[in-house]
Amino acid sequence: MKEILSDTERWIKTGQAVAIGTVIQTWGSAPRGVGAKMAVSAKGEISGSVSGGCVEGAVVEASLEVMDSGVPQLLHFGVSDETAWEVGLACGGTIDVFVNLLDPAWYEPLSSAIQQERTVAAATIIQGQSEQLGRTSVLLEDGKAFGSLGDGLDEAALEAAREVLASGKSVRRSFHPAQEEKALDIFFDVILPSPVLVIVGGAHISIALVEIARVLGFRTIVIDPRRSFGNASRFPNVDQLVQDWPDQALSEIGLNRSSAVATL
């Protein structure tokens, strides 16, 4: 989700409709894992990826249809399916992709939580009655919830979301509400804070390391009290630049289990 935020925000500001395709389940070998996303604008622009390129065309087509009809779609691709060979999925596995229309009611709190590096889970109905599809509820780690799944599903979904948040892994689950004739599926999409790479020392190798780490999804911090080494002109893309001595800087940053420290 993080890699599509900037593009998605830009499209929203221009008044465009946006659809988001999410990998909600995989079997066998799959190009990208559960939770991988691709956003598509009303103009057909894309951001992110759900398969590394082999089914993107089909997902773009489905996204444009979803924006036109307002009805989400659950797509299935597998090597045994004729459709999979047509779009180029020959990796040996199968993937399910849910394409949903972006709704500010759930997107805004989700985007805000991600930008604040908070743990968050989004519960979305991916299979059920047509009027239920795409309903999304967002749950923060502190228990705050936004949006509703309706039909008396919120309590059970929130309980399940808390369990999923604790596990830290996205998952697809089936529910069978008493008032429903058939079971419905909900995808719980867990988004964790970015891992942090702390680099102590603004040496020349640190400049390259910051760029590599950013590509890999790390939040980067450079510590160096020497203004000649630790300055914004040398590190224009670092997330945080701390011009202080390491012992003081590290105590102020407050490292956690997802932090890695490199001394250069």
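The values are calculated or read from the model by the stated rules, or taken from the named source; none is laboratory data. Quantities reported herein were computed from a predicted structural model and do not represent experimental measurements. Every residue, glycine as well, gets a Cβ built from its backbone with ideal geometry; the counts of neighbours run over all protein chains shown. Remember, those area values only see protein heavy atoms, side chains included, never the ligands or the DNA or RNA. Shrake-Rupley method; radii C 1.70, N 1.55, O 1.52, S 1.80 Å.
When the residues of the stretch 129-169 are narrowed to those that are over 25 Å from GLN73 (Cβ atoms) and part of a strand (DSSP E or B), which ends up most open to solvent (accessible area, probe 1.4 Å)?
Here the answer is ALA145.
Scan the stretch 106-118 residue by residue and report those that are in contact with a strand residue (DSSP E or B) (Cβ under 8 Å, 6 or more places away or on another chain) and either within 18 Å of ALA36 (Cβ to Cβ) or open to solvent by less than 10 Å² (accessible area, probe 1.4 Å) (or both).
Scanning the stretch 106-118 gives LEU110, ALA113, ILE114.
Residue by residue, here is whether (1) in contact with a helix residue (DSSP H, G or I) (Cβ under 7 Å, 6 or more places away or on another chain); (2) closer than 17 Å to GLY35 by Cβ holds:
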{"position": "PRO104", "(1), (2)": "no, no"}
{"position": "ALA123", "(1), (2)": "yes, yes"}
{"position": "GLN129", "(1), (2)": "no, no"}
{"position": "LEU133", "(1), (2)": "no, no"}
{"position": "GLY147", "(1), (2)": "yes, no"}
{"position": "ASP151", "(1), (2)": "no, no"}
{"position": "GLU155", "(1), (2)": "no, no"}
{"position": "LEU158", "(1), (2)": "no, no"}
{"position": "LEU165", "(1), (2)": "no, yes"}
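Restricting to the stretch 49-72, count the residues that are within 20 Å of GLY33 (Cα to Cα), out of contact with any strand residue (DSSP E or B) (no Cβ under 8 Å at 6 or more places or on another chain) and either free of Cβ contacts under 8 Å to residues at least 24 places away in the same chain or hydroxyl-bearing (Ser, Thr, Tyr) (or both).
Of the residues in that region, 1 qualify.
Report the residue count in the stretch 170-192 for those that are modelled with pLDDT under 90 and either open to solvent by less than 50 Å² (accessible area, probe 1.4 Å) or among the acidic types (Asp, Glu) (or both).
Residues in the stretch 170-192 being modelled with pLDDT under 90 and either open to solvent by less than 50 Å² (accessible area, probe 1.4 Å) or among the acidic types (Asp, Glu) (or both): 5 in total.
Rundown of residues vs (1) within 22 Å of VAL120 (Cα to Cα); (2) in a helix (DSSP H, G or I), yes/no style:
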| residue | (1), (2) |
| --- | --- |
| SER174 | yes, no |
| ASP185 | yes, no |
| VAL190 | yes, no |
| SER194 | yes, no |
| ILE199 | no, no |
| GLY202 | no, no |
| ILE207 | no, yes |
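Of all residues in the stretch 22-60, count the ones that are part of a strand (DSSP E or B) and open to solvent by less than 60 Å² (accessible area, probe 1.4 Å).
Qualifying residue count, the stretch 22-60: 12.
Of the conditions (1) of a type in the set (Ser, Thr, Tyr); (2) at pLDDT below 90; (3) assigned to a strand (DSSP E or B), THR124 satisfies every one except a single condition; which number is it?
(2)
Going residue by residue through the stretch 73-91, is there one that turns out to be under 19 Å from ILE24 (Cα atoms), at pLDDT 90 or above and open to solvent by less than 20 Å² (accessible area, probe 1.4 Å)?
Within the stretch 73-91, not a single residue is under 19 Å from ILE24 (Cα atoms), at pLDDT 90 or above and open to solvent by less than 20 Å² (accessible area, probe 1.4 Å).
Do the conditions hold for LYS144, that is, is it under 19 Å from ALA113 (Cβ atoms) and basic (Lys, Arg)?
Spelling it out, LYS144 is indeed under 19 Å from ALA113 (Cβ atoms) and basic (Lys, Arg).
Conditions: (1) over 28 Å from ASN100 (Cβ atoms); (2) out of contact with any strand residue (DSSP E or B) (no Cβ under 7 Å at 6 or more places or on another chain); (3) not basic (Lys, Arg). GLY202 meets all but one. Number of the miss?
(2)
May I ask you to list the residues in the stretch 193-225 that are surrounded by fewer than 16 Cβ atoms within 10 Å (Cβ to Cβ) and of a type in the set (Val, Ile, Thr)?
ILE205, ILE212, VAL215 - these are the residues of the stretch 193-225 that are surrounded by fewer than 16 Cβ atoms within 10 Å (Cβ to Cβ) and of a type in the set (Val, Ile, Thr).
Could you figure out which of (1) at pLDDT below 95; (2) open to solvent by less than 50 Å² (accessible area, probe 1.4 Å) isn't true of ALA19?
(1)
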